[in-house]
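The values are calculated or read from the model by the stated rules, or taken from the named source; none is laboratory data. Treat the numbers as computed from the prediction; the structure is a model and nothing was measured. Glycine gets a Cβ as well: all are built from the backbone with ideal geometry, and neighbour counts include every protein chain shown. In case anyone asks, the SASA skips ligands and DNA or RNA and just uses the protein heavy atoms, side chains included. Shrake-Rupley method; radii C 1.70, N 1.55, O 1.52, S 1.80 Å.
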Amino acid sequence: MPISDDIPAPALLNWETGSEVAPLTPGEVRAWIVELDAGLPPGADVDSTGPGSEMEILSDDERARALRFVRVRERRRFARCRAALRQILGALLDQPAESLRFKSAAVGKPELDQGPGVVAPIRFNVSHSAELGLIAVCLEREVGADIEKVRHINEAARIVGSFFTPAERAAFAGIPEIDRDVIFHRGWTRKEAVLKGIGSGIGGLSSKQETGFGTTPLAPRFTLATPDPRVDRWLLWEAAPRPGFLAALAVDAGDPPFRVAGA
Ligand SMILES: CC(C)(COP(=O)(O)OP(=O)(O)OC[C@H]1O[C@@H](n2cnc3c(N)ncnc32)[C@H](O)[C@@H]1OP(=O)(O)O)[C@@H](O)C(=O)NCCC(=O)NCCS
């Protein structure tokens with residue numbers, strides 16, 4: 001059954017400090033890739049260069065969290081990703097980036113804190129892996145994002161065996177060894193995007209959501225997940241935003257229900 005253009009495919013943009021951020025339209029899902037190792041001073045070493053001016057727009061808690069990373073590279077990556085999130089949300093809300101406050105929903109999903117009893121219309125979700133961050137935003141619909149750098153995960157078969165559905169386990173068992181790293185991460189990003197949309201994260205890993213591994217080649221932009229992008233009330237997109245990276249994005253399409261063309 002085709003899916004209508006009620007919820008158009010999310011745009012996938014490249015974030016740079018100072019990038020223009022157009023207002024969100026209802027139903028629009030937008031995402032940015034943040035290069036966490038780019039733009040270092042000439043001659044600076046990627047592994048030993050800490051965060052710079054981006055620290056200035058973080059909250060005290062965020063700065064403290066950045067400084068808790070033992071590796072300076074991870075400090076910089078965290079600070080840059082959080083600063084980008086603040087700049088994007090600040091531009092969308094027309095508020096200074098440094099003035100934003102965050103809180104966690106009951107299940108731990110970060111959300112904007114706009115004061116007691118106020119539900120922020122802008123929903124967002126963040127993911128980062130190695131040198132890339134992914135920031136997704138949507139108006140009035142929950143969104144979940146995941147990005148992963150494809151690498152060898154020793155525990156892949158165990159993770160699939162423990163946490164994926166019987167059909168997914170059977171499908172993974174049939175994947176040739178040489179393709180397993182890519183296919184595992186593809187399945188993982190799909191599942192994480194939905195679980196992060198729900199807000200449960202890894203704690204929600206169970207056989208409940210059958211997200212599968214994907215059946216068609218991926219593009220650098222988001223395309224609907226194959227063979228069926230619907231997972232319960234979630235609509236799932238996938239992309240290969242950079243060589244060696246996979247990303248997935250889930251949006252709550254259930255309330256109001258997304259329209260199916262011809263229905
Ligand atoms: C936090 C969690 C939701 C995702 O962790 P992750 O995959 O390591 O990290 P990601 O980069 O995708 O996401 C981290 C971001 O998710 C957001 N987040 C945190 N808790 C969240 C929740 N309950 N729901 C949705 N989003 C959440 C935060 O913005 C966080 O960003 P921050 O670290 O800058 O604060 C975690 O519960 C989880 O599922 N971890 C599993 C990781 C794992 O085992 N991977 C192995 C297989 S590759």
Determine which single condition LEU40 fails, assuming it passes every other condition in (1) touching a helix residue (DSSP H, G or I) at 6+ places or on another chain (Cβ under 7 Å); (2) without any contact (Cβ under 8 Å) to a residue 60 or more places away in the chain; (3) open to solvent by less than 40 Å² (accessible area, probe 1.4 Å).
(1)
Could you give every pair whose Cβ atoms fall below 9 Å, whose first residue belongs to region 100-113 and is within 16 Å of ILE57 (Cβ to Cβ), and whose second residue is hydroxyl-bearing (Ser, Thr, Tyr) and open to solvent by less than 70 Å² (accessible area, probe 1.4 Å), counting only separations of at least 6 or pairs across chains?
LEU100/SER59; ARG101/SER59; PHE102/SER59
Residues (within 14 Å of the ligand (Cβ to nearest atom) and farther than 17 Å from ALA130 by Cβ) located in region 68-100:
ARG68, ALA83, LEU85, ARG86, ILE88, LEU89, LEU100
Let me confirm something: among GLU28, GLU35, GLU62, GLU54, which residue is in contact (Cβ under 8 Å) with a residue 60 or more places away in the chain and open to solvent by less than 50 Å² (accessible area, probe 1.4 Å)?
GLU28
So is LEU92 touching a strand residue (DSSP E or B) at 6+ places or on another chain (Cβ under 9 Å) and assigned to a helix (DSSP H, G or I) or not?
yes
Residues that are at pLDDT below 95, exposed (fewer than 13 other Cβ atoms within 10 Å of the Cβ) and within 16 Å of the ligand (Cβ to nearest atom): does region 190-203 have at least one?
yes
